[in-house]
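Since the structure comes first, as structure tokens, the remarks are kept for the end.
Computed from the coordinates by the stated procedures, all read-outs in this text should not be read as laboratory data. Keep in mind that this is a model prediction, so the values were computed, not measured. Every residue, glycine among them, receives a Cβ derived from its backbone with ideal geometry; neighbour counts consider all protein chains shown.
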Amino acid sequence: MKLSEKIQQLRKENGLSQEELAEICKVSRQSISKWEADIALPETDRLLLLANTFQISLDVLLKDELVVNGVKKTGTCGLNAINDAESGIYEGIIIKESLDRDEILDAVSMNKVEIWNAGGAPKYWTAIYFTSSRPDFPELLSGALSGGTDGGEAWFADFKSGNMKYIVFNGLVLRYEIGNLPDKERVCRECEKRGVAKEQMNWPE
């Protein structure tokens, strides 16, 4: 189910006309019509209004976790397009073995889980592909990460939100704007101080 279909379905389930939903979202009726026709995507502040109006979380709205006629349907609803802007949605990978506190997983939506043979210590890593709409997610993750691997290297997590890249260690949140090379080099120097090998800094952007 696309985001456009979900907006239309939730609007009808809540007994709202396009005009009424437009008034709530402070947009024109034509905007609602375009959202439902999959011609345009709502801006981030409008997504928040939609989630609040329909009394569902932003993650559920974006990821299409919705029970319809007793069936839970899952998918994505234009998430990549929304992440092209400053969306406030964080997405990336967490290695479960890097966590001292598993409660951080309550703050994310897990999209996929893989087991990696890292060949080090520990040998196998559990990779959790996640999204989170928590505004304080980088700080929460920083407090949940372990200080180091069994081999003495510093654990870190890398993820992004919009055009910002985050590199997070225990007790430290680093960030840079994607495409800003001097800013990235500054972050890489800080990572080197913490024992991160250069080949590990080829993180996806």
Item to check | Long pairs among Lys2/Lys184; Lys112/Lys193; Lys6/Lys165; Lys96/Lys193, criterion Cα-Cα beyond 28 Å | outcome: Lys2/Lys184; Lys112/Lys193; Lys6/Lys165
Checklist entry - Can you sort Ser142, Ser28 so the residue with the fewest Cβ neighbours within 10 Å comes first? => result Ser28, Ser142
Item to check | Simple Cβ-charge dipole of the stretch 90-201, Lys/Arg +1 and Asp/Glu -1, about Cα centre, in debye nearest 20 | outcome: 260 debye
